[in-house]
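Engineer: I am attaching a structure below and will ask some questions about it afterwards.
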Amino acid sequence: MRDTTREHAATEAALEGARRMLLMVTRCNEAILRASTEHRLFEEVCRVIVETGGYRMCWVGVAETDERRTIRPVAHAGHEDGYLSTIDVVWADVPQGRGPTGSAARDGRVVVGRDFATEPSLAPWKGEALRRGYTSSTALPITYGGERVGVLTMYSGDVRVFGEEELGLLQRLAEDLGYGVVSLRRRVEKELAERALRESQQSLRALFDLSPDATAVSRARDGVILDVSESFL
């Protein structure tokens, strides 16, 4: 006979982790479909990742094109406790840019920081991270069609997380988020263009009607009058 209690517990824990991750991805995709603005989308995704995924903190940063190549936080959720205001993260190839977030933005790949206590690449943020209970982190580039949208970074209090299966689901989530952001931007651009067109048409109509000249619009092929100004009437 063999006692399988530990094996059974490990299997149950793995199944629970997989269920939690799948639920997290599903809820994030629901947020993508419901989003009305880019900022609200990022905030909701961060909230779901923390509350459903069980991560300690999550944030989204935008890679700026300034001289330092700064990564600017735009949304976060979880136990942040002022962390984002204390760190200096860039996507240039310098020490502050060689952590998970900077590397993910620069190279366009998933980057994992396994242990803040021991990994040299995490040294610039070690003290502030450990003080808040972050022991490991991963960063995922948010891109779509070659367009750099941002970086999604999350932290855990467990060095054993971010396994291969988990990273696969997170990468799929980042790809869905990139698609959602670009689609949202295009929708907003379309709405702005349509509004500008309507306003232009209204302005032209007002000028047409208020003109003191008698003006008429006729069809070229048969001379049928299509529209006239008030002065023409």
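The values are calculated or read from the model by the stated rules, or taken from the named source; none is laboratory data. For clarity, every value in this text was computed on a predicted model and none was experimentally measured. For neighbour counting, all protein chains shown are included, and Cβ atoms are generated from backbone atoms with ideal geometry for every residue, glycine included. With ligands, DNA and RNA removed, areas are computed over all heavy atoms of the protein, side chains included. Shrake-Rupley method; radii C 1.70, N 1.55, O 1.52, S 1.80 Å.
Engineer: Identify the single condition in (1) open to solvent by less than 10 Å² (accessible area, probe 1.4 Å); (2) in a helix (DSSP H, G or I); (3) touching a residue at least 24 places away in the same chain (Cβ under 8 Å); (4) not basic (K, R) that Q96 does not satisfy, given that it satisfies every other one.
Structural biologist: Exception for Q96: condition (1).
Engineer: State the number of residues belonging to the stretch 138-161 that are more than 17 Å from the chain's Cα centre (by Cα) and either open to solvent by less than 50 Å² (accessible area, probe 1.4 Å) or modelled with pLDDT of 85 or more (or both). Before the answer, list the steps.
Structural biologist: Looking only at the stretch 138-161, we keep the residues that are more than 17 Å from the chain's Cα centre (by Cα), and these are 156-161.
Pick out the ones that are also either open to solvent by less than 50 Å² (accessible area, probe 1.4 Å) or modelled with pLDDT of 85 or more (or both) and you get 156-158, 161.
Result for the stretch 138-161: 4.
Engineer: Could you tell me which numbered condition K126 fails, if it satisfies all but one of (1) at pLDDT below 85; (2) in a helix (DSSP H, G or I); (3) open to solvent by 10 Å² or more (accessible area, probe 1.4 Å)?
Structural biologist: With respect to (1) at pLDDT below 85; (2) in a helix (DSSP H, G or I); (3) open to solvent by 10 Å² or more (accessible area, probe 1.4 Å), K126 is out only on (1).
Engineer: Give the residue that is farthest from V48 (Cα to Cα), with candidates limited to residues of the stretch 162-212 that are open to solvent by 50 Å² or more (accessible area, probe 1.4 Å) and polar (S, T, N, Q). Can you show your working first?
Structural biologist: In the first step, residues of the stretch 162-212 are kept if they are open to solvent by 50 Å² or more (accessible area, probe 1.4 Å); the result is 164-165, 171-172, 175, 179, 185-205, 207, 210, 212.
Among the residues that remain, those that are also polar (S, T, N, Q) are: 171, 200-203.
Numbers: Q171: 16, S200: 42, Q201: 43, Q202: 44, S203: 45 Å.
Only one residue tops the list, namely S203.
Engineer: Quick one: count up the residues across the stretch 49-70 that are in contact with a Phe, Trp or Tyr (Cβ under 7 Å, 6 or more places away or on another chain) and in a strand (DSSP E or B). Step through it out loud before you land on a result.
Structural biologist: First, pick out the residues of the stretch 49-70 that are in contact with a Phe, Trp or Tyr (Cβ under 7 Å, 6 or more places away or on another chain): 49, 55-57, 60, 63, 69.
In the following step, the residues that additionally are in a strand (DSSP E or B) were identified as 57, 60, 63.
Qualifying residue count for the region: 3.
Engineer: Of all residues in the stretch 71-87, count the ones that are in contact (Cβ under 8 Å) with a residue 12 or more places away in the chain, open to solvent by 60 Å² or more (accessible area, probe 1.4 Å) and not in a strand (DSSP E or B). Walk me through how you get there before you give the answer.
Structural biologist: So the first thing to find is which residues in the stretch 71-87 are in contact (Cβ under 8 Å) with a residue 12 or more places away in the chain, and the list is 71, 73-81, 83-84, 86-87.
After this cut, where a residue has to be open to solvent by 60 Å² or more (accessible area, probe 1.4 Å) as well, the list is 76, 79, 81, 86.
Still in the running and not in a strand (DSSP E or B): 79, 81, 86.
Count: 3.
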